[in-house]
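Visitor: I'd like to ask you about the structure that follows.
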Amino acid sequence: MTNLSRNEVEYKSIQDFDYHEFCTWIWISCNYIPFMSLVTKNGYEYGDGGFSSLVPIREAINRGAKEVDVIILETEVQLNPKPIGKNPFSLMIDLFQTLLTQVEKHDVTIGKLAARNKDVKLNLYYTPTKLTDNAFIFNKDKMKDWWHKGFDYAKNKSNLMSDNL
């Protein structure tokens with residue numbers, strides 16, 4: 001998550017906290033700033049939503065991971081041009097999403113290099129189809145359907161990958 005007061009990324013481990021404290025850190029890491037509230041904890045203001053480290057593969061490897069599974073909630077290749085918002089709020093969301101996409105690509109590239117250099121197995125799983133243009137819509141039935149389709153897609157891809165080994 002991002003400690004905005006100190007202008008730095010912080011990583012938390014379940015080994016360092018009790019269950020309830022770690023759940024609080026997970027909740028803080030889900031605060032999609034600037035669209036959700038900042039959280040004040042231990043005298044510092046936090047937020048995240050992937051703001052500073054969207055896919056921390058290298059951090060997992062530095063902490064000793066020998067295999068890393070990464071689930072990316074986007075298709076591997078963008079097939080169609082993305083429509084850009086025309087009002088200031090939707091344009092701000094689109095620009096913010098572009099920034100996060102670039103951070104994600106950077107994190108994955110650095111993670112691939114780290115995995116290759118440290119002989120770590122890196123499994124990247126993308127969604128089979130575009131999920132939505134609006135991350136602020138929560139539809140339980142759609143989200144369940146996406147989960148099942150993504151699970152089946154990843155399972156099939158995983159089986160195809162293991163058959164080729």
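Bear in mind that the values in this text are calculations on the coordinates, not laboratory data. In this text, all values refer to a predicted model and were calculated from it rather than measured experimentally. Please note: Cβ atoms are built from the backbone with ideal geometry, for glycine as well, and neighbour counts cover all protein chains shown.
Visitor: Can you sort HIS106, HIS148, HIS20 from fewest to most other Cβ atoms within 10 Å of each residue's own Cβ?
Guide: On the way: HIS106 13, HIS148 10, HIS20 7.
Placing the least packed residue first, the sequence is HIS20, HIS148, HIS106.
Visitor: What's the longest bit of the chain with no exposed trypsin sites (Lys or Arg not before Pro), using DSSP loop states and at most 13 other Cβ atoms within 10 Å as the test? Working shown, then result.
Guide: Values: sites that count: ARG6, ARG63, LYS66, LYS86, LYS130.
Maximal segment without exposed cleavage sites: 7-62.
Visitor: Follow-up. Have a look at VAL77, ILE137, THR101 and report the one farthest towards the positive end of the charge dipole of the chain, computed about the Cα centre with Cβ charges (Lys/Arg +1, Asp/Glu -1).
Guide: Working it through, the farthest residue towards the positive pole turns out to be VAL77.
Visitor: On to the next question. For the pair GLN78/SER37, report the inter-label distance in nm, with labels modelled 7 Å from Cα in the Cβ direction.
Guide: Result: 3.3 nm between the two label points.
Visitor: Also: Have a look at MET92, ILE110, THR2 and report the one farthest towards the positive end of the charge dipole of the chain, computed about the Cα centre with Cβ charges (Lys/Arg +1, Asp/Glu -1).
Guide: Positive-end residue among those listed: ILE110.
Visitor: Further question: What nm distance separates the two modelled labels at TRP147 and ASN62, each placed 7 Å from Cα along Cα→Cβ?
Guide: 3.2
Visitor: How much of the DSSP beta bridge set in the chain is antiparallel, as a percent to the nearest 5? Each step should come with its number before you reach the end.
Guide: Details: 7 of 14 bridges.
Bridges in the chain that DSSP calls antiparallel: roughly 50 percent.
Visitor: Hey, fewest Cβ within 10 Å first, where do ASP94, ASP69, ASP141, ASP107 land in order?
Guide: Values: ASP94 16, ASP69 13, ASP141 7, ASP107 21.
Ascending Cβ contact count within 10 Å gives the list ASP141, ASP69, ASP94, ASP107.
Visitor: Got a sec? How would GLU104, GLU74 order by Cβ neighbour count within 10 Å, fewest to most?
Guide: Working: GLU104 18, GLU74 13.
Listed from fewest to most nearby Cβ atoms, that is GLU74, GLU104.
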